[in-house]
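Quick note: the coordinates plus some simple rules give every number you see, no bench work behind them. Since the model is a prediction, treat every value here as computed from it, not as a measurement. Here Cβ is always computed from backbone atoms with ideal geometry, including for glycine, and neighbour counts include all displayed protein chains.
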Amino acid sequence: MDALARALRTRAKGLGLSHAAIARRIGVSERRYAHYVTGRNEPDLATLVRIAKALQTSPNELLGFAAETKRSKRALLRDRLNAAAEAMDDRQLEVTVIQAEAIAAS
C-alpha cells in the first residue's frame, strides 16, 4: 500500500494539514495514523472513508483508482478552507463565514 501512504502524505501536505490534525479529525491515535502514512498498516474501509472525507477527496483517489486531475491553486485553497471548516464547531464556523463575507464585500 505504498501508493496509499504516498497519497496520504501528498494530500495532507497540499491541504496544509499535519498528520496529528488528521488523526484527531478521524478519531484515531497519532501512532495509528502514522502507520497508515508510512505504509506499515492499512486502514479498514470505514477508516479509509473518514480519512478521505478529512482530506477532501475520495477513497478511490487515495487508493490510486481515479487519477487526481491537476487542480488550480484556487481549487486547492477551497479544499483547504473546507478541510478547516470540517474541524470547526458551529460557532467557529459562523465567525469564519462572517469574516469571509466581510473580506469578499471589501
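What residue among Ala105, Ile26, Gly64 has its Cα farthest toward the positive end of the dipole of the chain, where the charges are +1 on Lys, Arg and -1 on Asp, Glu, each on the Cβ? Of Ala105, Ile26, Gly64, it is Gly64. Loop-resident trypsin sites (Lys or Arg not before Pro) (DSSP state other than H, G, I, E or B) in region 32-91 with no more than 16 further Cβ atoms inside 10 Å of their Cβ: Arg40, Lys70, Arg71. Rounded to the nearest 20, the Cβ-based charge dipole of the chain about its Cα centre (Lys and Arg +1, Asp and Glu -1) stands at 400 debye.
Just round it to a whole percent: the fraction of Cα-Cα distances in region 1-52 exceeding 14 Å. More than 14 Å apart: 45 percent of the Cα pairs in region 1-52. Counting Cα-Cα pairs of the chain in 5 Å increments starting at 0 gives whole-percent bin shares of 2, 12, 22, 24, 17, 11, 7, 4, 2, 0.
For region 18-106, chymotrypsin sites (Phe, Trp or Tyr not before Pro) are listed when DSSP marks them as loop and at most 10 other Cβ atoms sit within 10 Å of their Cβ; the list is Phe65. Springs between Cα atoms under 10 Å define the GNM used for the chain, and in it the highest mean-square fluctuation of Ala85, Ala52, Ala12 occurs at Ala85. Please give me the summed charge of the neighbours of Met88: other residues whose Cβ is under 14 Å from its Cβ, Lys and Arg +1, Asp and Glu -1. Every neighbour counted, the sum reads 0.
If you take the C-alpha gyration tensor of region 52-102, multiply each eigenvalue by 5 and take the square root, what semi-axes do you get, largest first, in whole Å?
Details: eigenvalues 139, 39, 4 Å².
Result for region 52-102: semi-axes of 26, 14, 5 Å.
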